[in-house]
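Below are the structure tokens for one structure; questions will follow.
The values are calculated or read from the model by the stated rules, or taken from the named source; none is laboratory data. Because the structure is predicted, anything quoted here is derived from the model rather than measured. Here the Cβ positions follow ideal geometry from the backbone for every residue, glycine too, while neighbour counts run over all protein chains shown. Protein only, heavy atoms only, side chains kept; ligands, DNA and RNA dropped before computing areas. Shrake-Rupley method; radii C 1.70, N 1.55, O 1.52, S 1.80 Å.
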Amino acid sequence: MIGPSGSGKSTLLMAMAGLERIDSGRLLVGGIDLAQQDEDGLARYRGASVGIVFQSFHLIPNMTALENVAVPLELQGRRDAFARAEQELGLVGLGHRLTHYPSALSGGEQQRVAIARALVAEPAVLFADEPTGNLDETTGRQIADLIFETVRRRGTTLVLVTHDNALAARCGRVVRIHSGIIDGAEPVRSAAE
């Protein structure tokens, strides 16, 4: 999703992720009408179906990288939470930084931890709100490559909010939002590409 600041991109993404409620109408994601779900239903939806990556990482500062990534699995009651978290951190190139706290990690490393946390429960959909917005150009490109490669390999649907036209061009479809209204959606490339 692309559009000017304040157009409603992040609000729509947060509603689709089950983090914000809509005022009226229906919001269907994967056949589930999120507008009809109570808080417990939304929590089950988020826990089972979605991963979320934010621009500002949202890591828990007093937890190590390993602990941050294990949190979603611990909330699900998974006994293998730490083993899976360690594996996921290895997949994003941080197997050597398991015991480091967010303050000891670079911005790119923090975003890699956030990506690992979002994907550790193997969600069907990854929502990413300006995931490269707080990073320098080189690190941002590396993070974008990691996200696109990971979702491609896993078959995860990516819903991305960005101001970056080059990043949007890597997506299969671009939805343009202006003043809270979707004013265009077009395929960018074929699925075979």
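With a 1.4 Å probe and every protein chain left in place, work out the accessible area per residue of segment 41-104 in Å², rounded to a whole number.
52
Explain nothing, just compute: Karplus ³J(HN,Hα) = 6.51 cos²θ - 1.76 cosθ + 1.60, θ = phi - 60°, for every residue of segment 169-179 in order, whole Hz, x for Gly and Pro.
Result, rounded to whole Hz: 5, 7, 8, x, 8, 10, 10, 9, 10, 9, 6.
I would also like to ask the following. Round to a whole number: what % of the accessible area of the chain belongs to carbon and sulfur, probe 1.4 Å?
Whole-percent figure for carbon plus sulfur exposure: 51.
A further question on this structure: Is the shape of segment 74-157 best called rounded, prolate or oblate, per the rule: a/c under 1.5 gives rounded, else a/b larger than b/c gives prolate, else oblate, with a ≥ b ≥ c the square roots of the Cα gyration tensor eigenvalues?
Taking the square roots of the gyration eigenvalues as a ≥ b ≥ c, segment 74-157 is oblate.
Taking every pair of alpha-carbon atoms in segment 1-98, what share in percent sits in each 10 Å bin, from 0 to the bin with the longest distance?
Final binned percentages: 14, 36, 31, 18, 1.
Now for a different question. Rounded if a/c is under 1.5, else prolate if a/b beats b/c, else oblate: with a ≥ b ≥ c from the C-alpha gyration tensor eigenvalues square-rooted, which is the chain?
Here the chain falls in the oblate category.
Let me ask another. Once you keep just the Cα pairs under 8 angstrom separated by 6 or more residues, what percentage relative contact order results for the chain?
Dividing the mean separation by the residue count of the chain yields 28 percent.
Does segment 117-187 classify as rounded, prolate or oblate by the C-alpha gyration tensor (a ≥ b ≥ c root eigenvalues; a/c under 1.5 gives rounded; else a/b over b/c gives prolate, otherwise oblate)?
Oblate, because a/c is 1.5 or more while a/b does not exceed b/c.
Taking K and R as +1 and D and E as -1, what net charge do the other residues with C-beta under 14 Å from the C-beta of ASP183 add up to?
Local net charge: +1.
Still on this model: Among residues other than GLU122 whose Cβ falls under 10 Å from its Cβ, what is the net charge (Lys/Arg +1, Asp/Glu -1)?
Summing Lys/Arg as +1 and Asp/Glu as -1 gives +1.
Next question, about the same structure. PHE57 accessible area, nearest 10 Å², 1.4 Å probe?
Using a 1.4 Å probe on the heavy atoms, I get roughly 20 Å².
If we sort 8-19, 166-177 on the protection proxy, mean other Cβ atoms within 10 Å, highest first, what's the order?
Ranking, from highest mean packing down: 8-19, 166-177.
Between beta-carbons, use under 10 Å as the cut-off and find the net charge around SER56, counting Lys and Arg +1, Asp and Glu -1.
It works out to a net charge of -2.
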